[in-house]
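The values are calculated or read from the model by the stated rules, or taken from the named source; none is laboratory data. On a predicted model such as this, the values are computed, not experimentally measured, just so you know. Virtual Cβ from ideal backbone geometry, glycine too; neighbours counted across all protein chains shown. Heads up: the accessible areas ignore ligands, DNA and RNA and are worked out on the full protein's heavy atoms, side chains in. Shrake-Rupley method; radii C 1.70, N 1.55, O 1.52, S 1.80 Å.
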Amino acid sequence: MAEHNHEHEHHHHEMPQKSRIEEALGKYNLEISDEEVKEAVKKIIAEKVHENDTPEVKQFLMGSVELTTLKTTDSDESVMAFTERVNQFEEAYPNHPHVATICVYPRFAKIVSETLEVDGVEIACVSGSFPSSQALIEVKTIETGLAVKDGATEIDMVLSVGAFLSGDYETVIDEIQQMKEACGDKKMKVILETGCLKTAANIKTASILSMYAGADYIKTSTGKLEPAATPEAAYVMCQAIKEYYDETGIQIGFKPAGGLNSVMDALIYYTIVKEVLGEKWLTNQWFRMGTSRLANLLLSEVIGEEVKFF
């Protein structure tokens, strides 16, 4: 993985001049219509999803879940209990994969890292004034640095959507670069808040800019605004990841989040990743799903009876 970060480094410091941004974007097909995307997604869902509706895929998806609690009412006690469930899962279901990640606010990174006993579960923190991203960059980077110091192994930041929509791509890139620096060697996901970006062309542009600026993953939504993740947004983001990979050789991960309410939703996102990006992305390192309710639903389907474990 060292290579991946090193590669990013060399994009880092050379982007902001306007012409460099235009040059970077010029390598990608941004002339995409929402209609085309809708049709492509409809076709994938109609023709391909059913073949992935298997116990094996559901088992895999269990291991891609980022178990998330981002409530106003979260407390040290509730987050500790939440983390304990992940510890207990290992004992209760030794034949099933544990979740990929626990995702919390930065103030709980320490509690999670002190409570978590399961190897291989990442601790993600939403940072940088989640979910609006409307804080001064100094505040965002300090929050991020503190989260990492307290044990966060991944950081989920929100794109500066307002700056992006007003065409200020330099600010967008500069902030992502500064946040990436604050992460040190930890992975960073950039949340595009695709529901606010509206068009396929915007979503693709935001995806490309985020990857060039240092994102290790791109993520659909915060889950705090409607619409959250949609299959159409996922399709566009996966296309961007594929083109970026073809162009640079750098593999970027994908995370749909927000509005994943059913096992069918999970299967649809899995199928889109499989069809657009291929097998190389079908590991719980490169494909994650942000959700609080899906873990129980997937577990119930795999086991064959209703379980409310988490």
Qualifying positions in segment 289-306 - in a loop (DSSP other than H, G, I, E, B) and in contact with a Phe, Trp or Tyr (Cβ under 9 Å, 6 or more places away or on another chain): Ser292, Arg293
Failed item in (1) closer than 25 Å to Ile123 by Cβ; (2) open to solvent by less than 30 Å² (accessible area, probe 1.4 Å); (3) among the small types (Gly, Ala, Ser), with Ala206 passing the rest: (1)
Whichever residue in segment 86-104 is under 15 Å from the mean Cα position of the chain (by Cα) and assigned to a loop (DSSP other than H, G, I, E, B) and, among such residues, is farthest from Ala152 (Cα to Cα): Val99
Sole exception among (1) in contact with a Leu (Cβ under 9 Å, 6 or more places away or on another chain); (2) touching a residue at least 60 places away in the same chain (Cβ under 8 Å); (3) open to solvent by less than 70 Å² (accessible area, probe 1.4 Å) for Arg85, by number: (3)
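Out of everything in segment 48-79 that is of a type in the set (Asp, Glu) and within 14 Å of Tyr269 (Cα to Cα), what residue ends up being farthest from the chain's Cα centre (by Cα)? Explain how you work it out, then say what you get.
Kept after step one, since they are of a type in the set (Asp, Glu), are these residues of segment 48-79: 51, 53, 56, 66, 74, 76-77.
Pick out the ones that are also within 14 Å of Tyr269 (Cα to Cα) and you get 51, 53.
On the way: Glu51: 25, Asp53: 23 Å.
By that ranking, first place goes to Glu51.
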Index of the failed condition, Glu301 passing every other in (1) free of Cβ contacts under 8 Å to residues at least 40 places away in the same chain; (2) over 20 Å from Ile123 (Cβ atoms): (1)
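Please indicate, with yes or no, whether at least one residue in segment 246-254 is surrounded by fewer than 24 Cβ atoms within 10 Å (Cβ to Cβ), at pLDDT 95 or above and under 11 Å from the mean Cα position of the chain (by Cα). Quick ask: steps written out before the conclusion?
The first filter runs over segment 246-254 and keeps only residues surrounded by fewer than 24 Cβ atoms within 10 Å (Cβ to Cβ), leaving 246-251, 253.
Retained after the next criterion (residues that are at pLDDT 95 or above): 246-251, 253.
Now restrict to residues that are under 11 Å from the mean Cα position of the chain (by Cα): 253.
Yes; the residues of segment 246-254 include at least one that is surrounded by fewer than 24 Cβ atoms within 10 Å (Cβ to Cβ), at pLDDT 95 or above and under 11 Å from the mean Cα position of the chain (by Cα).
Table: residues versus (1) surrounded by 14 or more Cβ atoms within 10 Å (Cβ to Cβ); (2) more than 20 Å from Ile208 (Cα to Cα); (3) at pLDDT 95 or above.
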| site | (1), (2), (3) |
| --- | --- |
| Ala2 | no, yes, no |
| Ala24 | yes, no, no |
| Ile32 | yes, no, yes |
| Val37 | yes, no, yes |
| Lys48 | yes, yes, yes |
| Asn52 | yes, yes, yes |
